[in-house]
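Enquirer: Could you have a look at this structure, given as structure tokens, before my questions?
What follows draws every value from the coordinates through simple rules; no lab data is involved. Everything quoted here is computed from the prediction, not taken from an experiment. Note that each Cβ is placed from the backbone with ideal geometry, even for glycine, and that neighbours are counted across all protein chains shown.
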Amino acid sequence: MKHHAALLTLFLAVVASGQQGPGSKPAMSNLMNAEYPRVEANGRVTFRLLAPKASKVQLAGAVAATPVDMERSDNGAWSVTIPPPAPGFHYYWFLVDGLQVNDPSSDTYFGYGRPTSGIDLPMAGEDFYFPKDVPHGQVRMHWYLSKTTGEWRRAMVYTPPGYDLNTRTRYPVLYLQHGAGEDETGWTKQGHANFIIDSLLAQKKAKPFIVVMDKGYAYRVGERPQTGARPAGATRQPGVLTASTFESVITDDLIPSVDKTFRTLTDRGHRAMAGLSMGSMQTLQITLRNLDKFSWIGLFSGATVNGDLDTGYDGVLKNADEFNKRVHLLWIGAGTTETRLMDALKTSDELLTKRGVKHVIFTSEGTAHEWHSWRRHLNDFVPRLFQ
């Protein structure tokens, strides 16, 4: 017991002084040469912030259920070591005397409606979302003028390897949406969608296609968002999603602009849409209301099919045979620790099966409402597209 107590005292002293713990290494999401946050061999994570004039510093965000007090060392560095978080991507920040600040040692990602610090903790035995020594596609910025909003908008566009060389080849398109509080950069920066697709293409598990990722918020000319309002397309009613301006942006502005700018296959059989959380709700709304434009549908951790299938969703699910002819893939997934969504997933599966609607149900074992679930979702969804 005395030996264990001595080790514990030494460990706490190391943490408080900001020294590196045994077997620890900088997180993969740290900025260049930054030593903290550090991940211990046992999965615990140490965060550190130099704030010598602060009187109180806390760690907050998705890595902690409630703000965690940090300890100050003699040199003014504040630190705390937390139990092992679940593997995956987590947003976090510091509260310095009550003021929310990002970690200057960590990269920032657009989340919670602003650039926010994040830490990416790898899942043991999984590297499908890491860059590999394979041909890589390109992620480009596509600016277009939206007549719906009266503003210039930016979409991120992934083009597959060889796009600039195979100048006579045209490609299917996947419109891929982020979740609430995030933006069009999320699927490549947090989700590593480009690396996932690169690897699947190299393994011949998928056919080359273009991915378009837009910002999922939109207001018509003259409209102003209300303070605290939910992003457009985020509200839901049983059996039907509320119409949003974003639908008009996609159908009237973005698709025509992408088809004009890139070498796309413009028929509905070569156009898909998928999204996570809020983006899945937008996907369900937009695709089912526009089956003349989409025939591949992916719903990641959010929207499910429920309610009266005869009257809901504008009646498109009433005739299963007709729906199955028009929709080549209806894919619905969630992480197994997303309890509420797992219940909804089960209900949706039962409803669709009883009606005879073809669909795919996918569960990500042991993951929550965060990016590792959605990386796995994309990794399963993509090989099923455009086959």
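Enquirer: With the chain treated as a Gaussian network of Cα nodes joined by springs under 10 Å, which of 223, 370, 71 yields the largest mean-square fluctuation?
Expert: Its mean-square fluctuation being the largest, the pick is 223.
Enquirer: Could you check what % of the DSSP bridge pairs in region 138-384 are antiparallel, to the nearest 5?
Expert: Close to 40 percent.
Enquirer: Now for a different question. Quick one: which residues, 5 or more positions from residue 118 or on another chain, have an amide H under 5 Å from its amide H? H modelled 1.01 Å from N in the peptide plane, none for Pro or chain starts.
Expert: For residue 118, the qualifying residues are 92, 107, 109.
Enquirer: Going highest first, how would you order 154-165, 269-280 by mean Cβ packing within 10 Å?
Expert: Top of the packing list down: 269-280, 154-165.
Enquirer: So, one more: How big is the convex hull of the Cα atoms of region 72-155, per residue, in Å³?
Expert: Cα convex hull per residue, to the nearest whole number: 201 Å³.
Enquirer: While we're here: Can you list the residues, at least 5 places off or on another chain, whose amide H is less than 5 Å from the amide H of residue 34, using H built in the peptide plane?
Expert: Amide H neighbours of residue 34: none.
Enquirer: Which peptide among 179-190, 245-256 comes first, and what is the full order, when sorted by highest mean count of other Cβ atoms within 10 Å?
Expert: Top to bottom by mean Cβ count within 10 Å: 179-190, 245-256.
Enquirer: Quick one: angle between helix 339-355 and the longest Cα principal axis of the chain, in degrees between 0 and 90, rounded to 10, please.
Expert: Relative to the chain, helix 339-355 is tipped by roughly 20 degrees.
Enquirer: Another question, then. Hey, can you grab everything whose amide H is under 5 Å from the amide H of residue 264? Only 5+ residues off in sequence or another chain; H modelled, so Pro and N-termini drop out.
Expert: 171
Enquirer: In the chain, how does Rg compare with the Kirkwood Rh, expressed as the Rg/Rh ratio over alpha carbon atoms?
Expert: Over the Cα atoms of the chain, Rg/Rh equals 1.02.
Enquirer: For the peptides 112-123, 343-354, what is the packing order when you average, over each peptide's residues, the other Cβ atoms within 10 Å and list the highest mean first?
Expert: Going from most to least packed, we get 112-123, 343-354.
Enquirer: Evaluate the Debye formula for region 14-154 with equal point scatterers sitting on the alpha carbons, no solvent, and hand back log10 of I(q)/I(0) at q = 0.22 Å⁻¹, in q order, two decimals.
Expert: Rounded to two decimals, the profile gives -1.41.
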